[in-house]
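Working notes, beginning with the structure itself.
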Ligand code: GLY
């Protein structure tokens, strides 16, 4: 059986001096997932591991390095989805969680729910032994904030050697958002989706991604037999035509074919194809 993984570091405009570091960050994340897939591990573990690497890297708008809301605080959203079972877990508007993607997975595996938000999600995190942190620890130096305004969300999608697909997406959201604002990332079918045909992760302005349920739209194209690269392009064209907005998308199908597209100046990605070939884009 084949396997594949592709990760993104967010669609937007990237400070030229940080482009190489972002590419390296995406590569480290893809490799973290690839190691798991190579030894026969499952896609869910791979996408979680990749997302954790990106959340821990302050260059990206997720976990440490998340953008700030209008009160100068970090509130994060994250989701995981297991394509084999259609189980999903997500958290929205949570503070003081070092790795929101781990909490999203806990929601999937240790609660009867799919999405927990705010104070209830934080309480669940404490009960489940998820690593907490001082919210201030997730805030990076102010000089980075200009670029964080334009650059958002991280994600990973994978196919494992057992033929299972999974998706993970994590974000600090959009700059200057209202407290309590929730974007596309934790909404299943909007920023994150996986089933038996596809795993998809999106990045961009959540309000517009939600309007077209972008992740589910791309998965539907794959279900109809559209090739992975063409499905990503078609989904982005549909998004741009309907919303006149900007976003990016990565996806993988059940054959391990990866696709990506964006209509923003940059979207750092790293993908490892079934043949082990490395894909780059900045
Ligand atoms: N795509 C991330 C957000 O809008 O929150």
May I ask for log10 I(q)/I(0) of the stretch 5-104 at q = 0.13, 0.19 Å⁻¹, from a Debye sum over the Cα atoms as equal point scatterers with solvent left out? -0.48, -0.97
Fewest-first sequence of 60, 175 by Cβ atoms within 10 Å of each Cβ: 175, 60
Multiply the residue separation of residue 35 and residue 73 by 0.36 nm, subtract the distance between their alpha-carbon atoms, and state the gained length in nm to one decimal. 10.2 nm
In a Gaussian network model over the chain where Cα atoms closer than 10 Å are linked, find which of 264, 192, 67 has the largest mean-square fluctuation. 264
What share of Cα pairs, in percent, lie more than 14 angstrom apart in the stretch 225-282? 56 percent
If one builds a Gaussian network model of the chain from Cα atoms under 10 Å apart, the most fluctuating residue listed among 211, 98, 73 is 211
Which of 48, 227 comes first, and how do the rest follow, when ranked by fewest Cβ neighbours within 10 Å? 227, 48
Convex hull volume of the stretch 131-282 per residue (C-alpha atoms, cubic angstrom): 133 Å³
Inter-part gap, Cα centre of the stretch 1-59 to Cα centre of the stretch 65-116, in whole angstrom, is 18 Å
Spatial extent of the chain: Rg and Dmax, with the Cα atoms as the point set, Å: 16.4, 49
Long-range Cα-Cα pairs in the stretch 176-263 (distance over 16 Å), rounded percent: 44 percent
Measure of size requested: the Rg and Dmax of the stretch 23-162, with Cα atoms as the atom set and Å as the unit; please supply both. 14.9, 45
What list do you get for 108, 236 if you sort them by fewest beta carbons within 10 Å? 108, 236
Where does the chain land at 222 nm, in deg cm²/dmol rounded to the nearest 500, when only DSSP H runs of n ≥ 4 count, each adding -39500 (n - 2.57), divided by all residues? -10000 deg cm²/dmol
What is the spread of the Cα atoms of the stretch 63-121 along each of their three principal axes, largest first, in whole Å? 38, 20, 16
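Every number here is computed from the coordinates shown, using simple stated rules; none is lab data. Note that this is a predicted model, so its numbers are computed, not measured. Glycine gets a Cβ as well: all are built from the backbone with ideal geometry, and neighbour counts include every protein chain shown.
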